[in-house]
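Participant: Below is the structure I would like to discuss, written out as structure tokens.
Derivation of every value follows stated rules applied to the coordinates shown; laboratory data play no part. Keep in mind the model is a prediction, meaning the values are calculated, not measured. We place every Cβ from the backbone using ideal geometry, glycine too, and count neighbours over all the protein chains shown.
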Amino acid sequence: MPMPPLPPSFLSRMQQLLGDEYAAFLASYDQPPDVGLRVNTSKLSRREFQTISPFDLKPIPWSEAGFVVPPEARPGKHPYHAAGLYYLQDPSAMAVAELLSPQPGERVLDIAAAPGGKSTHISALMGGEGLLVANDLHPRRAQVLAKNLERWGARNAVVLNETPARLADHFGACFDRVVVDAPCSGEGMFRKDPEARAEWMPKLVKSCALRQDVLLEDAATLVRPGGVLVYATCTFAPEEDEGAIARFLLAHPRFELVEPPRFPGFSPGRPDWIAEPGRADLRRAVRLWPHKAPGEGHFIALLRRSRASSEMPEAPAPLLPIPLEPEPRQYFQQYCTDALNWRPPESRLSQMGFHLYQIPEACPDLRGLKVILWGWWLGALKKNRFEPSHALGMGLRAEDVRNTLPLTLDDPEVDSYLRGEVLSSSGADGWVLVTVDGHPLGWGKRVQGRLKTHLPRWLRQF
Ligand code: SAM
């Protein structure tokens, strides 16, 4: 789709709001969008990535793991992308999980999570420990979310396809941190997305604002006393940004806006841009502007629920693992003995129909919800064997696996493997983890010196 012109009523509103800054804001649309890359710190450190990076990396002030790369780099086509070593994400969007600041061992909910930018970031910041519930309302988008978490090697994530209202009813106030990356009018997408420009109209801003009020209402129910709620949009419309938070705070006196760390490029919220009076605290929100900081632009508000002890909710009923039936147990044990130097903890191993999972720590009961992933998917039970999943390979380290095919970036077999071709490989028959520079790419099955790829079709590069 060719890029339509910027909507005139959007431009006149921005001119009125920004005054002297408007010219710089408008000029930012003549620049190409920034390409952001965020390193998967649960697989390798920032420094390790810097030493192997094939791209020039320009640091992003608010994220240790984040860099801007040159637009011609095409990092989405690189084998390191298939290996889950990084996620491509708008630089301003990286500020959301940084301000959420999830800690290992906590319970965290990403209520509108697809395709997974914030969820992959959250999972890495948690070091794979604790529970991340990643939810999206739209079934197909929830599937994409699950795949991105799989490629990322997330070991602590559950993926749901639910309405926020059902999540609120089901879980109650059990999350340490909740992030609402709200569906919005998408003005921050205008530089790179022609559809965002074409679909925009003043009525859209109003309908998004209404939807955001409902979403925030449900999200608030899910935050434990003393817990954190982060609200974010990729739009500049004050009604959906400061306006949404002003309406929320009026209805929820138990929440307050918290002053976040101020990184270079962070601008304050603008209480003077909304109709609701007397909310000077809205300056504590963060605005990221395309003419002042890397990225397309974001609004972020960090809120905390007060810790009134009288309202401490009961701990939720836990998700109890379903013990393995005798035959599947035998197949899985055989596979572990033959192929791995690693075992999942018995207390978290669960059989869900024909699939085995490692369920996350402290996971509340999920029965009754639309569950796409019950945790770390380990593999499938076939007629008389266990077959490892791509998610298992991506969540393991090379040293956890007995047989690997260690390739380096300049080996032509890397591309052949990613295209789904058969490789020649000597050694015992059985499951082999193909790695690139020591990082898992996916499984292959070796039979008499020929290694047949088990890379899922959606990851193959033709
Ligand atoms: N957090 C995502 C990321 O970083 O990749 C981007 C989220 S996008 C801004 C908003 C998402 O909200 C969309 O995936 C959309 O399907 C979902 N959505 C729309 N309405 C929703 C609702 N009422 N409840 C939950 N999710 C919703």
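Participant: Given the criteria among the basic types (Lys, Arg), within 30 Å of ASN156 (Cα to Cα) and touching a Leu at 6+ places or on another chain (Cβ under 9 Å), does ARG284 qualify?
Facilitator: It is false that ARG284 is among the basic types (Lys, Arg), within 30 Å of ASN156 (Cα to Cα) and touching a Leu at 6+ places or on another chain (Cβ under 9 Å).
Participant: Identify all residues within the stretch 54-96 that are assigned to a helix (DSSP H, G or I) and touching a Gly at 6+ places or on another chain (Cβ under 9 Å); write none if there are none.
Facilitator: ALA82, PRO91, SER92, ALA93, MET94, ALA95, VAL96
Participant: Still on this model: Of the conditions (1) touching a helix residue (DSSP H, G or I) at 6+ places or on another chain (Cβ under 7 Å); (2) within 9 Å of the ligand (Cβ to nearest atom); (3) closer than 26 Å to GLY395 by Cβ; (4) assigned to a loop (DSSP other than H, G, I, E, B), PRO183 fails just one. Which one is it?
Facilitator: Status for PRO183: all satisfied but (3).
Participant: Go through (1) away from the ligand (no atom under 16 Å from the Cβ); (2) at negative phi one by one and return the number of the condition GLY265 breaks.
Facilitator: Every condition holds for GLY265 apart from (2).
Participant: Which numbered condition in (1) small (Gly, Ala, Ser); (2) more than 12 Å from the ligand (Cβ to nearest atom); (3) surrounded by 21 or more Cβ atoms within 10 Å (Cβ to Cβ) is the only one that ALA173 fails?
Facilitator: Just one mismatch for ALA173, condition (3).
Participant: Let me ask you something else. Looking only at the stretch 86-99, filter to residues that are away from the ligand (no atom under 11 Å from the Cβ) and crowded, with 24+ Cβ neighbours inside 10 Å; which one of those is nearest to LYS58 (Cα to Cα)?
Facilitator: Going through the qualifying residues, I end up with PRO91.
Participant: Which residues, counting only those in the stretch 102-135, are over 20 Å from MET394 (Cα atoms) and either touching a Pro at 6+ places or on another chain (Cβ under 9 Å) or within 13 Å of the ligand (Cβ to nearest atom) (or both)?
Facilitator: Those that are over 20 Å from MET394 (Cα atoms) and either touching a Pro at 6+ places or on another chain (Cβ under 9 Å) or within 13 Å of the ligand (Cβ to nearest atom) (or both): ARG107, VAL108, LEU109, ASP110, ILE111, ALA112, ALA113, ASN135.
Participant: Also: Would you check if there is a residue in the stretch 146-168 being within 11 Å of the ligand (Cβ to nearest atom), assigned to a loop (DSSP other than H, G, I, E, B) and charged (D, E, K, R)?
Facilitator: Within the stretch 146-168, one or more residues are within 11 Å of the ligand (Cβ to nearest atom), assigned to a loop (DSSP other than H, G, I, E, B) and charged (D, E, K, R).
Participant: Tell me which of these ARG140 doesn't satisfy, since it passes every other one: (1) free of Cβ contacts under 8 Å to residues at least 12 places away in the same chain; (2) surrounded by 24 or more Cβ atoms within 10 Å (Cβ to Cβ).
Facilitator: If we test ARG140 against (1) free of Cβ contacts under 8 Å to residues at least 12 places away in the same chain; (2) surrounded by 24 or more Cβ atoms within 10 Å (Cβ to Cβ), just (2) comes out false.
Participant: Does SER42 satisfy being surrounded by 15 or more Cβ atoms within 10 Å (Cβ to Cβ), over 30 Å from LEU257 (Cα atoms) and touching a helix residue (DSSP H, G or I) at 6+ places or on another chain (Cβ under 8 Å)?
Facilitator: Taking the combined requirement at face value, the residue satisfies it.
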